[in-house]
1. Sort out which residues of segment A:106-126 are surrounded by 19 or more Cβ atoms within 10 Å (Cβ to Cβ) and either within 14 Å of chain B (Cβ to nearest Cβ) or aliphatic (A, V, I, L, M) (or both), and write them in order of number.
2. Would you confirm whether any residue within segment A:84-99 is within 14 Å of chain B (Cβ to nearest Cβ) and touching a strand residue (DSSP E or B) at 6+ places or on another chain (Cβ under 9 Å)?
3. For B:L127, state whether it is closer than 23 Å to B:T94 by Cβ and assigned to a helix (DSSP H, G or I).
4. Within segment A:240-341, considering only helices (runs of 4 or more DSSP H) that don't extend past its boundaries, which have at least 1 residues that are assigned by TED's automatic domain parsing to the domain that holds A:W99 and surrounded by fewer than 19 Cβ atoms within 10 Å (Cβ to Cβ)?
5. Tell me which residues, restricted to segment A:112-135, are within 21 Å of the chain's Cα centre (by Cα) and β-branched (V, I, T).
6. For segment B:91-106, check the following and say yes or no: at least one residue is touching a strand residue (DSSP E or B) at 6+ places or on another chain (Cβ under 6 Å), in a helix (DSSP H, G or I), within 13 Å of chain A (Cβ to nearest Cβ) and not β-branched (V, I, T).
7. From the list A:G45, A:G8, A:G25, A:G31, which residue is surrounded by 18 or more Cβ atoms within 10 Å (Cβ to Cβ), over 30 Å from B:V103 (Cα atoms) and in the same structural domain as A:W62 (by TED's automatic domain parsing)?
Amino acid sequence: MTWLAWRGQRAQLVAIVAAVAVFAGWLALSGTADQSAWLAVSHCGQHCSPLALNRLSSADYWTSPNRLVLTFLPGVIGLVLGAPIVAREIEAGTNRFAWTQTIGRTHWLVTKLLVAGIVAAGAVGALDPLLAWWTGAVRNGPRILPMVFSVTGFVDVGYALFAFMLGALLGSVIRRTGWAIVAGVPLFVAARAWVQFSLRAHLAPVATFAGGLPAGSMIVTPSSVSIAYAPEPSALMNDWQLNQGYVPVGLHGPAAGQTWSTGWNALNRCTGPFPNGNLQVLEQYQRRTQHCIASLKLHYVQQYQPPSHYWRIQTAETALFVGAALVLLGLTVFVVRRWRT
Amino acid sequence: MNDTATVIATSGLSKRYGRTWGLQDCTFNLPRGRIAALVGPNGSGKSTLLRMAAGITRPSAGEIRVLGSSPLEQPRDVLARIGYLDQERPLYKTFRVSEMLRVGKELNRRWDDAKAHEYLEDLGIPLASRIGKLSVGQQAQVSLTLCLAKRPELLLLDEPVAALDPLARSQLMQVLLGSVTDEGTTVLLSSHALADLDVVCDYLIILSSSRVLLAGDLESLRAEHRLLVGPRRDRSNVPAGAELVSATDTERQSTWLLRAIGSITAPGSDMVEPTLEEIVLAYLRQQPAGSHSRLAGSRDLSLADDPLDSGEQVRAR
């Protein structure tokens, strides 16, 4: 049966692996060039030519089109390989052949899912060591940051497996490969976005920074004057910052029934609007702010995920997507076992 | 009813597709070792019945037992012992013939690889060919080979010879017959090729408008029926002891199918034992007054479609 599962999807599996290999080659080449662009700038320092500096804009992780490709790659591979597993058989009518042989439908289905699923997960997972290097080469910054987190580590294997089973389930319900992929894209994006923006921050205990330098410190630069409400110690620069604001002294977050804006609003009511004026006016405002913070019994708190939580969150998020994939597997088995004309 | 003697037993078996019936109140027993013809116009429920026997269609009501088990609830017990050939003869079109045989081998515990190779060699179907490149007739042969190599106790064949030319048709029937007579396999076979069926089959089930019109041993059915051919007769003039099944009257001639136990006579007309084809056509011509008139048109069309089906006479109303 393993042979049939492989033979039935051979062309598609080989095409996907080849496409991933080509993309990996491109990443290796462009990454090497980008890395040398950064090295060149670090050597020339103050005396860099505009050309050398200009080169950096295309060598940067945050502007790289590869980043977009990598964000969607696990989903695309998963859906494209998963959707036809059942749908293509139903489209061609071959399920009426396969499901009237001695082998049980569950055995047949699970073998097909295992073979294609391993290829999907393998193709995505094989990129991971390369991505660890590539993201560094294009200066990705802290990998705990959401946009970096999702294309590093091994969480992409979880995404691929989830998309794969999503495609397989939709294919068995909709019974059309094309429509299953079309329906799968928004569902996959929604699941990924929900986890990334709502759930991920809570997959490890949130770290808190409280207090620090006197709030309301003023930062004066030649072009602008701004009030920094709170210090940002350099250590925090590598963290994934979640929430910040003023909360009652003794708490590490808003009090029950309140939000982060409660503290900001209370403080703004006390200090009045931010003034336009000379340095003297600004200094007055700064003093007023410090006075308000003290009288309102507030303190500055910052919530964040430190880089040390990276692998912990990677593991939790991967487990989450793999768990969801297993639920989808169960549903697909149920749908296929029930299928009758 | 004895389970070892009965291979397919249905009672009140029905399938409803939305507001129309695919099969309605179907009850019959197919004894072991028979080669049964399942005939009827398109849309009369043949495929529905075969699919329910193969466990890929869920009955709306009634019961079907195949080899003593329910294909729906005990598919393992049924699927290992049947060979089902779907109407569309689905095969993996991009596979080579040899790969398709390997599929059969992987999906079945009982598999006669030597026999499968022997059939295909006899038919001159190259193992290295892609399924999609084979002719329709060769694809049908590969499909049938996949069924036969399972060494099934029951073969369910849904129009195995449809769309085949007469030569391919007779070749396929030969392969089928050669295989099943050796092993005593029971066959339920749907087809529009009535002339072919007469040679092969010894049991007859006629479906029309999703109902069973007639089911029974072909020899007994032939013995119970007489075909009256002679000068035009008045329809009130049915010979004593006989019942008129249906009549085809032209201006000069009457061809009637009569059902009668014992001997009947009609002076001036020939009285012969009808062929399977004549029985089938006579029963399908029966117009169940009013009730199924919606399907009556399509029924005649589908049979007239196929030039080899019959030398259908011009009918005067």
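The values are calculated or read from the model by the stated rules, or taken from the named source; none is laboratory data. Predicted model, so just to flag it, every value in this text is computed and none were measured. Please note: Cβ atoms are built from the backbone with ideal geometry, for glycine as well, and neighbour counts cover all protein chains shown.
1. Passing the criteria: A:W108, A:L109, A:K112, A:L113, A:V115, A:A116, A:V119, A:A120, A:A121, A:A123, A:V124.
2. The answer is yes; a qualifying residue exists.
3. No; evaluated as a whole, the condition is false for this residue.
4. In segment A:240-341, A:310-338 are the helices (runs of 4 or more DSSP H) which contain 1 or more residues that are assigned by TED's automatic domain parsing to the domain that holds A:W99 and surrounded by fewer than 19 Cβ atoms within 10 Å (Cβ to Cβ).
5. Result: A:V124, A:T135.
6. no
7. Every option except A:G31 fails the conditions.
Every residue, every condition in (1) more than 26 Å from the chain's Cα centre (by Cα); (2) crowded, with 21+ Cβ neighbours inside 10 Å; (3) among the hydroxyl-bearing types (S, T, Y), yes or no:
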{"residue": "B:S44", "(1), (2), (3)": "no, yes, yes"}
{"residue": "B:Y92", "(1), (2), (3)": "no, no, yes"}
{"residue": "B:V97", "(1), (2), (3)": "yes, yes, no"}
{"residue": "B:V103", "(1), (2), (3)": "yes, yes, no"}
{"residue": "B:R109", "(1), (2), (3)": "yes, no, no"}
